[in-house]
1. Treating the angle as unsigned and between 0 and 90°, give the value, to the nearest 10°, between the Cα long axis of helix 85-94 and the longest Cα principal axis of the chain.
2. Greater than 23 Å separation of Cα atoms is the criterion. Which listed pairs, 86/116; 44/111; 2/111, meet it?
3. Would you kindly state how much longer the chain becomes between residue 65 and residue 104 on full extension, computed as 0.36 nm times their sequence separation minus their alpha carbon distance, in nm to one decimal?
4. Test of understanding: what is the full-extension gain from residue 40 to residue 7, defined as 0.36 nm times their sequence separation minus their Cα-Cα distance?
5. Work out the FRET efficiency for residue 120 and residue 83 from their Cβ-Cβ distance, taking R0 = 22 Å, and round it to the nearest 0.05.
6. With the contact rule set at Cα under 8 Å and sequence spacing of 6 or more, what percent relative contact order holds for the chain?
7. Can you give the local net charge around residue 13? Use residues other than it whose beta-carbon is closer than 13 angstrom to its beta-carbon, Lys and Arg +1, Asp and Glu -1.
8. How large is log10 of I(q)/I(0) for the chain at q = 0.10, 0.11, 0.14, 0.18 Å⁻¹ when the intensity is taken from the Debye formula with one equal scatterer per alpha-carbon?
Amino acid sequence: MKINRIHHVAIICSDYQRSKDFYVNKLGFTIVNETFRADRNSYKLDLAVGDTYQIELFSFPESPKRLSYPEATGLRHLAFEVDDIKEAVSELTEKGIELEDIRVDEVTGKKFTFLKDPDDLPLEIYER
């Protein structure tokens, strides 16, 4: 078996409209498809990230909260690449999103920072 690439990342949110607003209007991802599944009382929102990757945003009633600190085993964070981190931080700050200070990766020398989605999922912005 040869794995070609990451196909998508699935995220479960607690407040569908709030998370949809965050990922579409704040981060600027494009809606590919939106489905309400009445039998599950659940939304599935497919979002394009650039022209290669996709995020599946799910809402499920009464999902447990994400464990955060101390960090639990499993997915640690999602990282998104930008061309200019200072520009990205400025734009996100103007939209009311709090970000950590910009740091420099000790290994690559690249700049990065972190923010959280509405459910405290850590998201990294990493400069190309």
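1. 50 degrees
2. Values: 86/116 17 Å; 44/111 33 Å; 2/111 32 Å.
Pairs exceeding 23 Å: 44/111; 2/111.
3. Numbers: separation 39, 0.36 × 39 = 14.04 nm, distance 3.05 nm.
Going from the current span to full extension adds 11.0 nm.
4. Values: separation 33, 0.36 × 33 = 11.88 nm, distance 2.40 nm.
That pair, residue 40 and residue 7, stretches by 9.5 nm at full extension.
5. Working: r = 27 Å, r/R0 = 1.22.
It comes out at approximately 0.25.
6. On the way: 202 pairs, mean separation 28.7, N = 128.
Computed over the chain, the figure is 22 percent.
7. Values: positive: 18, 20, 44, 65, 66, 116; negative: 15, 21, 56, 62, 117, 119, 120.
Taking every Cβ under 13 Å from that of residue 13, the sum is -1.
8. Treating every Cα as an identical point scatterer, log10 I(q)/I(0) equals -0.35, -0.43, -0.69, -1.12.
Each reported figure results from applying straightforward, stated rules to the coordinates on display, with no laboratory input. The model shown is predicted, which means the values in this text are computed figures rather than measured ones. Here the Cβ is made from the backbone with ideal geometry for all residues, glycine too, and neighbour counts use every protein chain on show.
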